[in-house]
Amino acid sequence: MQALQAAPADETVGDAAAIVAHRTTDSDVTAIALNAANAFGAPLRSLSDGDGFWPLPATAGVPNGVCHDGVESFVPDRSGDPDSQEVAQYYDRRCANPARVSVYVRRDASGDSETIDRSTWIYARDATAPVAQRDSVTVIGNAIFAPTGQPIASDGFVLTTSTRLSVGSRVQSVSGSEEVALRGSPRRCDASAGYDAAGIPSLDATFGWQSASMDEAAQPIVSPLRGRTVVSSSQIGRLFVGPIGSLSIAGGTLQPTCPIARPAYALTGGTMSGTFKMTAQAVFRNGRLAALRVPAASMSGGYRFDVWTEANGRGPRGERRVQAVLTDAQARVAAIDADRFGDGVMTVTSTGEQYRLIDWTVVR
């Protein structure tokens, strides 16, 4: 990966010594860790979110507004909006401590297409007010819809989604994605692009990514309320960097092919700083992320990224934490400790500096 130079005013003692010795500086390592966290976080967010364009399968068959295993669903939403649904996910299984509250509103439904507006309010643990908000607009086409408004995957569909994550009044990240499901196939193709709009002021840098993936889901159903879904994903991508405010997303020509030959979204304004490749597997039980595994994802420059889940607490209902480690050929570069929603902390090993993660996005 191309090294990033911090401004002289932000140069650390470790930076100065590394420059003299012609080694990677602390600021370079920090930039690499931030870029990795955001780039790998994008597909992890998609996987941990389940079916991002319509409510979780765990709500099927559950009475309206009844808590089931940490999830509540309301049709219509609690404001009574037409063609809407609300899904609340909780940190606890008794639905006392909210983690994510999402409202979906369907509009412009006509024939084989429709548009879904989705707003998700993100809560920190034990918080009474949201700390962030994710807004997205998804356009679904070439589809046959179930009575719920969800496209029937086995009949195929094409969708594009534009997403924005805000923390307070500040836009933190912007992304666009395209997904294609072919008729009669369990596979889906994805292409996405995004960047951290707020950037890192101390580095005067904004980090971005473009990726393409092939996903496949296997869903042996035990009962309507006790399903287990395993999603496998193979990702390849490019990393980008530029001064704060330089990156943007450009729209392309939508082509409903799998693999996607020409993505509908691309990143512009930055310099390519590296590439990455990963395979991931997510396991869902009752619509909740139960396990996440990324073995030996690679980044150019000899960096490796590993992700796994482990129980934090005793018994089968102990909280599942997501652990991630970025290493080079010699040692650990950075580590992530997050909950299953992607909220946590990234620690840079060489400096001990910590960065907050919200929704799999680094927030300074």
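Using 0.36 nm per residue, how much length does the chain from VAL75 to SER154 gain when fully extended, once their Cα-Cα distance is taken away?
Details: separation 79, 0.36 × 79 = 28.44 nm, distance 2.47 nm.
Gain in length upon complete extension: 26.0 nm.
Once you place label points 7 Å from the Cα toward the Cβ at ARG262 and SER166, how far apart are they in nm?
According to this spin-label approximation, the distance is 3.4 nm.
Between ASN142 and THR275, what is the FRET efficiency for a Förster distance of 45 Å, r being their Cβ-Cβ separation, to the nearest 0.05? Walk me through the intermediate numbers first.
Details: r = 31 Å, r/R0 = 0.69.
With R0 = 45 Å, the Cβ-Cβ based efficiency is 0.90.
If you take the beta carbon distance between TRP308 and SER110 as r and set R0 to 56 Å, what does 1/(1 + (r/R0)^6) give as a FRET efficiency, to the nearest 0.05?
Result of the calculation: an efficiency of 0.80.
At a Förster distance of 22 Å, what's the computed FRET efficiency of ASN97 paired with VAL325, Cβ-Cβ distance as r, to 0.05? Please report the intermediate quantities before stating the final value.
Values: r = 28 Å, r/R0 = 1.29.
For R0 = 22 Å, the calculated efficiency reads 0.20.
May I ask for the distance between the Cα centers of segment 66-109 and segment 289-312, given as a whole number of Å?
Centre-to-centre distance over Cα atoms comes out at 30 Å.
Name the residue farthest towards the positive end of the dipole of segment 23-363 from the options SER84, GLY41, SER119, assuming +1 on Cβ of Lys and Arg, -1 on Cβ of Asp and Glu, about the Cα centre.
Of the candidates, GLY41 comes out farthest on the positive side.
Treat each spin label as a single point 7 Å out from the Cα along the C-beta direction, and report the CYS67 to ASP337 distance in nm.
Each label point is offset 7 Å from its Cα along the Cβ direction, giving 2.7 nm.
What is the sum of charges around ALA324, taking Lys and Arg as +1, Asp and Glu as -1, for the other residues whose C-beta is under 10 Å from the C-beta of ALA324? Working shown, then result.
Values: positive: none; negative: ASP306, ASP337.
Once all neighbours under 10 Å are counted, the net charge is -2.
Gain in length, ASP135 to ILE236, computed as 0.36 nm per residue apart minus the alpha-carbon separation, to one decimal in nm? Walk me through the numbers before you get to the answer.
Numbers: separation 101, 0.36 × 101 = 36.36 nm, distance 2.56 nm.
Value of the extension gain: 33.8 nm.
If packing is taken as the average number of other Cβ atoms within 10 Å across a peptide's residues, how do 295-307, 165-177, 27-39 rank, most packed first? Kindly include the intermediate steps, with their values, before the conclusion.
On the way: 295-307: 17.1, 165-177: 18.7, 27-39: 25.2.
Packing order, densest peptide first, comes out as 27-39, 165-177, 295-307.
Give me the one-decimal nm value for the distance between modelled label points at SER298 and ILE244, 7 Å along each residue's Cα-to-Cβ direction.
Once both label points are built, they end up 3.5 nm from each other.
Mind putting a number on the dipole of segment 298-364 about its Cα centre? Charges go on the C-beta only, +1 for Lys and Arg and -1 for Asp and Glu, and I need it in Debye to the nearest 20.
Dipole size: approximately 160 debye.
For VAL345 and ALA291 in one chain, what is 0.36 nm times their gap in residues minus the Cα-Cα distance, to one decimal in nm?
Numbers: separation 54, 0.36 × 54 = 19.44 nm, distance 1.89 nm.
Separation in residues times 0.36 nm, less the Cα-Cα distance, equals 17.6 nm.
Taken together, the values in this text are just the output of simple stated rules run on the coordinates, not laboratory data. Note that the structure is a prediction, hence the values are computed from the model and not measured. Glycine also receives a Cβ, built like all others from the backbone with ideal geometry; neighbour counts cover every protein chain displayed.
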